[in-house]
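The values are calculated or read from the model by the stated rules, or taken from the named source; none is laboratory data. This one's a predicted model, so the numbers in the text were calculated from it and none came from an experiment. Neighbour counts are summed over all protein chains in view; Cβ atoms, including those assigned to glycine, are modelled from backbone coordinates with ideal geometry.
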Amino acid sequence: MARLALQPLGREAEADEAMATPTVWYSPIAPPEAIDAERPPVRVYADGIYDLFHFGHARALEQAKKLFPKTYLLVGCCNDEITNKYKGKTVMTEDERYESLRHCKWVDEVIPNAPWVITQEFIDKHKIDYVAHDALPYADASGAGNDVYELVKSIGKFKETKRTDGVSTSDVIMRILKDYNEYVMRNLSRGYTRKDLGVSYVKEKQLRVNMGISKLREKVKEHQENVGKKLAMQHNEWVENADRWVAGFLEKFEEGCHIMETAIRGRINEGLKRQQSKTKLELEEDSDAEMYSDAS
């Protein structure tokens, strides 16, 4: 975790893979409460490059600090020359990396210009009791051995810490490269020149055109969303008032039907009454005719 520097990166697939890696949290066990004040602290050494210092570095140093109830943590940081030779170019200078470590609360002492491979002479000089690092073999690019921690492992002075998976300097750089154009345009809009960012004239114009197209797409999308919201509001309004409108229609319909029924019933009654009156009149006329015939 500690020895991380800028690697030659490029393919988008690698960036996607780095972004997809979940962060696995590791909580180191707190040291015992009982601390012997008379016993001298255990001198634990951790080393690395610590480029773009992040919480993965801090958590590793926290674990190293909590290996013993009373620990004095020394942290070695390799300089630019040795790092560029064996690892690659860093983003931060050696002084910036040293200063980042000094501001980590777990660190008691920063050792600048740390060696790439720990030697017995270095251990004796700084009175190191243990060296803390994750247990994965770390290839010795200097050619002195197969593992830079081979010596301390062989003499029983190695203490293992756990990596925080999903976060590393390479992961951070991958994220920046994945959204490279966006970061360039953001800094151009903030006043940086294309020369400050190492961007050609043609590339700058291309990015500005792309930014204009992106803004236009955002406005079109925003307009579509606003129209969709209005249509949804009208739909919701119709749904919410549908029952009331239907009930009102049925009420008016029933009222109209009742009026029509009353009118029809009245017409029928009037017709029946007229028919009854006509029949009664005809019966009376027939009765009068019979009486007149009998009288004759």
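With the condition kept exactly as written, say whether any residue in region 144-159 is over 30 Å from His126 (Cα atoms), touching a Ser or Thr at 6+ places or on another chain (Cβ under 9 Å) and either part of a loop (DSSP other than H, G, I, E, B) or modelled with pLDDT of 85 or more (or both).
So the first thing to find is which residues in region 144-159 are over 30 Å from His126 (Cα atoms), and the list is none.
Scanning region 144-159, I find no residue that is over 30 Å from His126 (Cα atoms), touching a Ser or Thr at 6+ places or on another chain (Cβ under 9 Å) and either part of a loop (DSSP other than H, G, I, E, B) or modelled with pLDDT of 85 or more (or both), so the answer is no.
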Looking at this structure, is Leu231 part of a helix (DSSP H, G or I), within 29 Å of Val91 (Cα to Cα) and either of a type outside the set (Asp, Glu) or under 26 Å from the mean Cα position of the chain (by Cα) (or both)? no
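Is it the case that Glu150 is surrounded by fewer than 19 Cβ atoms within 10 Å (Cβ to Cβ) and more than 28 Å from the chain's Cα centre (by Cα)? Outline the logic, then answer.
Working: surrounded by fewer than 19 Cβ atoms within 10 Å (Cβ to Cβ): yes; more than 28 Å from the chain's Cα centre (by Cα): yes.
For Glu150, the condition - surrounded by fewer than 19 Cβ atoms within 10 Å (Cβ to Cβ) and more than 28 Å from the chain's Cα centre (by Cα) - is met.
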In region 77-85, is there at least one residue being buried (at least 19 other Cβ atoms within 10 Å of the Cβ) and in a strand (DSSP E or B)? yes
Of the criteria (1) free of Cβ contacts under 8 Å to residues at least 60 places away in the same chain; (2) over 21 Å from the mean Cα position of the chain (by Cα), which one Ile176 fails: (2)
Pairs under 6 Å by beta carbon, first residue assigned to a strand (DSSP E or B) in region 124-141, partner crowded, with 19+ Cβ neighbours inside 10 Å and of a type in the set (S, T, N, Q), six or more apart or different chains? Ala132/Thr161; Asp134/Thr161
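Yes/no per residue for (1) surrounded by 10 or more Cβ atoms within 10 Å (Cβ to Cβ); (2) at pLDDT below 75; (3) out of contact with any Cys (no Cβ under 8 Å at 6 or more places or on another chain):
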| position | (1), (2), (3) |
| --- | --- |
| Lys203 | yes, no, yes |
| Asn210 | yes, no, yes |
| Trp238 | yes, yes, yes |
| Arg244 | no, yes, yes |
| Phe249 | yes, yes, yes |
| Ile259 | yes, no, yes |
When (1) part of a loop (DSSP other than H, G, I, E, B); (2) modelled with pLDDT of 95 or more; (3) of a type in the set (Lys, Arg); (4) within 23 Å of Asp140 (Cα to Cα) are applied to Arg97, the one that fails is (1)
Going through region 168-180 one residue at a time, which ones are over 16 Å from Leu136 (Cβ atoms) and either in contact with a helix residue (DSSP H, G or I) (Cβ under 8 Å, 6 or more places away or on another chain) or surrounded by fewer than 20 Cβ atoms within 10 Å (Cβ to Cβ) (or both)? Asp171, Val172, Met174, Arg175, Ile176, Leu177, Lys178, Asp179, Tyr180
